[in-house]
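The values are calculated or read from the model by the stated rules, or taken from the named source; none is laboratory data. The shown structure was predicted, so the numbers you read here are calculated from the model rather than taken from an experiment. Cβ coordinates were reconstructed from backbone atoms using ideal geometry, including for glycine residues, and neighbour counts include every protein chain displayed. When the accessible area is computed, the model is the full protein with side chains, heavy atoms only, and any ligands, DNA or RNA have been set aside. Shrake-Rupley method; radii C 1.70, N 1.55, O 1.52, S 1.80 Å.
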Amino acid sequence: KQIKGYKFRRQHALGPFIVDFYCSKARLIIEVDGPIHQYTQEYDRARQNFLESLGFHIIRFSNEEILNNIDAVIDKIKQALTLQEPITPEDVLYYVYAVLYSNLYREKYTDFLKYDFPRIPFPKSKKLFKRLADLGKQLADLHLLRPTAVHPPVAQYHGEGSDVVKKVKYEPDTQRVYINKTQYFEPVPPEVWNYYIGGYQVLAKWLKDRKNRKIDPMHYLKVITAIARTIDIQEEIDKLYPEVEKECL
C-alpha cells in the first residue's frame, strides 16, 4: 500500500500461472525477470499474451533495474496505476486547463477564441489524456499558490528597508526587480517578468497596484515562482499537444 494506496499480492495465482506481484484493484501484474528468463522468452510471451487477453495489464522489470534504479521502477508502476484509474470530472477539468495553457492551441485558434467559447480536442489515448490532466493539475496548484507547488521559491528578496513599493524598476541585465531604492527580488528572468495573462503583465501589475503600500515579500516570491514554473509546464504541454491534434476524437 506504499504506492498510491494500492495493495499488491506476492506470488499470486491467476488461472494456471503464478505471477510475481498482482494488484486486483488495478488488474495490474508486475513480473520480475531474473537471469533464467533469457531462456524462457517464448514461454513468457505466450503466458503474457494469455493474461493480457483476459484484461490484465503487465509490466516487467529485470533484477538489475530493481537493484540499481528503484526510483524509476516505482515511477513506472505509478504511471501504470494512474492509467488503470477511472477518469474523474476533476481529470477532465485539469485536462481542459492544460489545453487552454498550450501556446500551440492558443496560436492556432486565436481568431476563433475572440468570438466563441473554446472547443477542446480530446485524444483517444488515455495515457496522453492522463499526462495532460496531471500537468493541468500542476498548473492549478501553482495558480492557487499551494505551498507544495511554490516551494522552494525560484528567487530571493534582498536589501534592507521598509518593504514599501515606491518605484518599480526591472533590470534585465541583473534580472532584478526593484520595489524601492534598496530592496529587490532576483533572479527574475525576462520571460518571467514579461509574462502576460489577460493583457496584463502580471509581476509589474501586482507591484504597481500596491504602490506606496507595504508588501509581503514572501507572497511575491510565490507569484514569481508560480509564473516561472507555469512557463516550464507550458513547454511540456506544447510537446504533447501536437499528438492531441493527431488523434483527437
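Between D238, D173, D134, the residue with the greatest mean-square fluctuation in the GNM of the chain (Cα pairs under 10 Å linked by springs) is D173. Rolling a 1.4 Å probe over the protein heavy atoms of the chain, with every protein chain left in place, gives an accessible area that is 53 percent carbon and sulfur. Accessible area per residue for region 184-249 is 54 Å², calculated with a 1.4 Å probe on protein heavy atoms, without ligands, DNA or RNA.
Candidate membrane-span-like segments in the chain, meaning DSSP H helices with Cα atoms spread over at least 15 Å of their own axis and a Kyte-Doolittle mean of 0.5 or above, are 89-100, with no membrane implied.
Other residues lying with their Cβ under 15 Å from the Cβ of Q48 contribute a combined charge of -2, Lys and Arg counting +1, Asp and Glu -1. For the residue pairs K25/K127; K4/K246; K108/K246; K1/K137; K25/K137, alpha carbon separations beyond 20 Å are given by K4/K246; K1/K137; K25/K137. Once the 1.4 Å probe is applied to the protein heavy atoms, region 41-165 comes out at 63 Å² accessible per residue. Among H37, H151, the sequence by solvent-accessible area, most first, with a 1.4 Å probe is H151, H37. With the helix formula -39500 (n - 2.57) applied to DSSP H stretches of n ≥ 4, the chain reaches a computed 222 nm mean residue ellipticity of -14500 deg cm²/dmol. One Cα centroid belongs to region 140-164, the other to region 208-249; the line between them spans 13 Å.
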